[in-house]
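To start, the structure itself, in structure tokens.
The values are calculated or read from the model by the stated rules, or taken from the named source; none is laboratory data. Computed from a predicted model, the values in this text were never measured in an experiment. As a convention, Cβ positions derive from the backbone with ideal geometry for all residues, glycine included, and neighbour counts pool all protein chains shown.
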Amino acid sequence: MTQSPSDMSVIADSPQVILDCRHCLGESPVWDDVTQTLHWTNIHAREVWSWKPSDSDSAPTVRTMPERIGALGLRAGDGLVLALERSFATLDDGSLEPQPLAALPASVAHTRLNDGRVSPDGRFLCGGMNEETPQRANAALHSLDADHRVHELLRGIACANSLCWSPDGGTLYFSDMPTRRIDAFDYADGALANRRVFAELATPDAPDGSIVDEEGFLWNAQWGGSKLVRYAPDGTVDREVPLPVSNPTCMIFGGPELDIMFITTAWFTLDDTRRAREPHAGSLFAWRPGVRGLASPRYRG
């Protein structure tokens, strides 16, 4: 695996492979600004990856879980909060066993938790997807509160994605991926209101993971589109950044100054011919986009 140099200043101003890990479905990157550690999941391999990219002697730590991890987030203090297939759990630093927190109120056949992020007010929001029939909208968006209670915020979802918040925490961005649309909601105290369209994709690509930078612009990884797109706060396209892989999945700002963007990718759904054309599909990319991000919130439970 290609690892980064200890001098992070050499990271380029265009996306380059920083870790040649070639995950089937790399997802849900999160940056711990205290320990300077990047965490993410390789969903179908049931793995949690943790890595300090500024340490040239540091190899990634890989922990295999009992089931797949759709999303993860930081916890207050230390450790991670996990969205497993149909439940939530915590994972302490150095631990190999997740500790159960809460199950979904009602488990729907052929669905699993897919995309999530910790909110600015310390909740862990995560939405599901239907794996058997991708267009069937029978999953939901859930909130795991600090007291470990689970609330359903939105139902009728086929594949949840793009969860992130505006810098002031008052707007939640969300995508039901097959709609090829990113929506916005007013967000306060774990409740959603005033759903409206933020951006619609003009191509057959699908909106995967998103993050908001310090200027309030939303970055979206476009599955099938080999690119990242930066949207202005009014939903207009500000910038498109090409990638050498078809399926970027999500991104996070990291590094000591939160000015490095780490991008997870996937080879999931690519046949052998396309995988041969995309030898770095599934690898971790990094670059300096010329704008800083925001520190990742921590789950309060």
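I'm checking my understanding of the structure. Among residues of segment 247-265 that are in contact with a Lys or Arg (Cβ under 7 Å, 6 or more places away or on another chain) and free of Cβ contacts under 8 Å to residues at least 40 places away in the same chain, which one is surrounded by the fewest Cβ atoms within 10 Å (Cβ to Cβ)? Quick ask: steps written out before the conclusion?
First, pick out the residues of segment 247-265 that are in contact with a Lys or Arg (Cβ under 7 Å, 6 or more places away or on another chain): 253, 257-260.
With the extra rule that they be free of Cβ contacts under 8 Å to residues at least 40 places away in the same chain, the set shrinks to 257, 259.
Numbers: Glu257: 11, Asp259: 18.
Among those that are in contact with a Lys or Arg (Cβ under 7 Å, 6 or more places away or on another chain) and free of Cβ contacts under 8 Å to residues at least 40 places away in the same chain, it is Glu257.
Does Ala89 satisfy the condition of being within 25 Å of Ala295 (Cβ to Cβ), part of a strand (DSSP E or B) and at pLDDT 95 or above?
Working: within 25 Å of Ala295 (Cβ to Cβ): yes; part of a strand (DSSP E or B): yes; at pLDDT 95 or above: yes.
So Ala89 fits the description; yes.
Within the set of pairs 6+ apart or on separate chains, which have a first residue in segment 32-43 that is over 16 Å from Gly77 (Cα atoms) and touching a residue at least 60 places away in the same chain (Cβ under 8 Å), a second that is surrounded by 24 or more Cβ atoms within 10 Å (Cβ to Cβ) and of a type in the set (S, T, N, Q), and C-beta atoms under 9 Å apart?
Trp40/Ser28; Trp40/Thr264
From the set of residues in segment 30-55 that are outside any strand (DSSP E or B) and within 16 Å of the chain's Cα centre (by Cα), which is surrounded by the most Cβ atoms within 10 Å (Cβ to Cβ)?
Taking segment 30-55 as the starting set, the residues that turn out to be outside any strand (DSSP E or B) are 33-36, 43-46, 52-55.
Retained after the next criterion (residues that are within 16 Å of the chain's Cα centre (by Cα)): 43-44, 46.
Working: Ile43: 23, His44: 14, Arg46: 16.
The residue in question is Ile43.
Is it fair to say Glu27 is acidic (Asp, Glu), at pLDDT 95 or above and either part of a strand (DSSP E or B) or touching a helix residue (DSSP H, G or I) at 6+ places or on another chain (Cβ under 6 Å) (or both)? Working first, answer last.
On the way: acidic (Asp, Glu): yes; at pLDDT 95 or above: yes; either part of a strand (DSSP E or B) or touching a helix residue (DSSP H, G or I) at 6+ places or on another chain (Cβ under 6 Å) (or both): yes.
Considered against the rule, which asks whether it is acidic (Asp, Glu), at pLDDT 95 or above and either part of a strand (DSSP E or B) or touching a helix residue (DSSP H, G or I) at 6+ places or on another chain (Cβ under 6 Å) (or both), Glu27 comes out as yes.
Go over the candidates Asn161, Asn194 one by one and state the one that is in contact (Cβ under 8 Å) with a residue 24 or more places away in the chain and not charged (D, E, K, R). Talk me through it step by step, then tell me what you get.
Details: Asn194 fails: in contact (Cβ under 8 Å) with a residue 24 or more places away in the chain.
Within the list Asn161, Asn194, the selection yields Asn161.
Any idea which of Ser107, Ser58 is surrounded by 13 or more Cβ atoms within 10 Å (Cβ to Cβ), among the hydroxyl-bearing types (Ser, Thr, Tyr) and either assigned to a loop (DSSP other than H, G, I, E, B) or modelled with pLDDT of 95 or more (or both)?
Values: Ser107 fails: surrounded by 13 or more Cβ atoms within 10 Å (Cβ to Cβ).
Sole residue among the options that is surrounded by 13 or more Cβ atoms within 10 Å (Cβ to Cβ), among the hydroxyl-bearing types (Ser, Thr, Tyr) and either assigned to a loop (DSSP other than H, G, I, E, B) or modelled with pLDDT of 95 or more (or both): Ser58.
Select from segment 203-249 the residues that are among the hydroxyl-bearing types (Ser, Thr, Tyr) and farther than 19 Å from Pro167 by Cα and write down the one among them that is farthest from the chain's Cα centre (by Cα). Show your work before the answer.
Taking segment 203-249 first, the residues among the hydroxyl-bearing types (Ser, Thr, Tyr) are 203, 210, 226, 231, 236, 246, 249.
From what's left, farther than 19 Å from Pro167 by Cα: 203, 226, 246, 249.
Values: Thr203: 22, Ser226: 17, Ser246: 17, Thr249: 7 Å.
Of everything passing the filter in segment 203-249, Thr203 is farthest from the chain's Cα centre (by Cα).
Would you be able to say whether some residue in segment 269-277 is within 15 Å of the chain's Cα centre (by Cα) and either modelled with pLDDT of 95 or more or polar (S, T, N, Q) (or both)?
First, pick out the residues of segment 269-277 that are within 15 Å of the chain's Cα centre (by Cα): none.
No: zero hits.
Would a scan of segment 125-138 turn up a residue that is of a type in the set (Ser, Thr, Tyr), more than 18 Å from Ile252 (Cα to Cα), outside any strand (DSSP E or B) and in contact with a His (Cβ under 8 Å, 6 or more places away or on another chain)? Let's see the steps before the verdict.
Restricting attention to segment 125-138, the residues satisfying the condition of being of a type in the set (Ser, Thr, Tyr) are 133.
When the remaining residues are screened for being more than 18 Å from Ile252 (Cα to Cα), the result is 133.
Cutting the leftovers down to outside any strand (DSSP E or B) gives us 133.
If we keep only those that are in contact with a His (Cβ under 8 Å, 6 or more places away or on another chain) as well, we get 133.
Scanning segment 125-138, I find at least one residue that is of a type in the set (Ser, Thr, Tyr), more than 18 Å from Ile252 (Cα to Cα), outside any strand (DSSP E or B) and in contact with a His (Cβ under 8 Å, 6 or more places away or on another chain), so the answer is yes.
Scan segment 266-297 for residues that are surrounded by 18 or more Cβ atoms within 10 Å (Cβ to Cβ) and over 22 Å from Asp238 (Cβ atoms) and report the count.
The total comes to 11.
Across segment 132-155, which residue is surrounded by the most Cβ atoms within 10 Å (Cβ to Cβ) among those that are over 21 Å from the mean Cα position of the chain (by Cα) and not polar (S, T, N, Q)?
My answer is Arg136.
Looking at (1) β-branched (Val, Ile, Thr); (2) modelled with pLDDT under 95; (3) under 17 Å from Arg155 (Cα atoms), find the lone condition where Ile182 falls short.
Every listed condition holds for Ile182 apart from (2).
Of everything in segment 61-89 that's surrounded by fewer than 18 Cβ atoms within 10 Å (Cβ to Cβ) and polar (S, T, N, Q), which residue is nearest to Val150 (Cα to Cα)?
Thr64
Specify the residue that is farthest from Leu294 (Cα to Cα); the eligible residues are those in segment 167-191 that are part of a helix (DSSP H, G or I) and in contact (Cβ under 8 Å) with a residue 24 or more places away in the chain.
If we filter segment 167-191 for residues that are part of a helix (DSSP H, G or I), which is where we start, we get 177-179.
Next cut, in contact (Cβ under 8 Å) with a residue 24 or more places away in the chain only: 177-178.
On the way: Met177: 24, Pro178: 28 Å.
Result: Pro178.
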